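Undergrad: One structure is given below, represented as structure tokens, and several questions about it will come after.
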Amino acid sequence: MQFKVPQFLDIEDKIFGPFTFRQFAYMAGGAGLCFVIYRTTSLIVGIIPILAIAGFSLALTFYKINNKPFIFVLEAAFSYLFRDKLYIWKRRLKKPGEKEAEDLKKSEENTENQARRVSKLGTSKLKDLAWSLDVLDVKKQ
């Protein structure tokens, strides 16, 4: 005896025209909330909340990220925000070449710092200039 295997289980049925029940509920809920805000406040005061709610309900209805409905993204965002987080620090071991490069960089910084300190102590600007030129020439060689 052969049985038919159901296919396309992940596709929701279209109940209200081209919309599924979930899409229709998002649109009807957003439209109803916009209408309530419009009737309770003036249009000038209520335009910002109406636009925000309408945009949110349209995003829930139609917007998909990586072929997943927007509600899944919201659910993941809220679970990430309110869940406890565990931060793990993994020490990175330096390669042999990195240590030599760091030592060279530190020695260059120390030389520059010494040059700044000595130049501040000088009384003649001409001597300071000549000394800094000599130090720069030594660094290049």
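Any read-out appearing in this document is the output of simple, stated calculations on the displayed coordinates, not a laboratory observation. This one's a predicted model, so the numbers in the text were calculated from it and none came from an experiment. Note: ideal-geometry Cβ built from the backbone for every residue, glycine included; neighbour counts use all protein chains shown.
Undergrad: Order by neighbour count: 90, 125, fewest other Cβ atoms within 10 Å first, most last.
TA: Neighbour counts put them in this order, fewest first: 90, 125.
Undergrad: Next question. Which order, highest average first, do 47-57, 32-42 follow once you tally other Cβ atoms within 10 Å for each residue and take the mean per peptide?
TA: Going by the mean number of other Cβ atoms within 10 Å, highest first, we get 47-57, 32-42.
Undergrad: Answer rounded, prolate or oblate for the range 14-82, using the Cα gyration tensor with square roots of eigenvalues a ≥ b ≥ c: rounded when a/c is under 1.5, else prolate when a/b is larger than b/c, else oblate.
TA: Verdict is oblate for the range 14-82.
Undergrad: Quick one: Karplus J couplings for the range 74-90, per residue in order, coefficients 6.51, -1.76, 1.60, θ = phi - 60°, nearest Hz, x for Gly and Pro?
TA: Listing the rounded values in order: 5, 4, 5, 5, 5, 5, 5, 5, 9, 8, 5, 10, 10, 9, 10, 9, 10 Hz.
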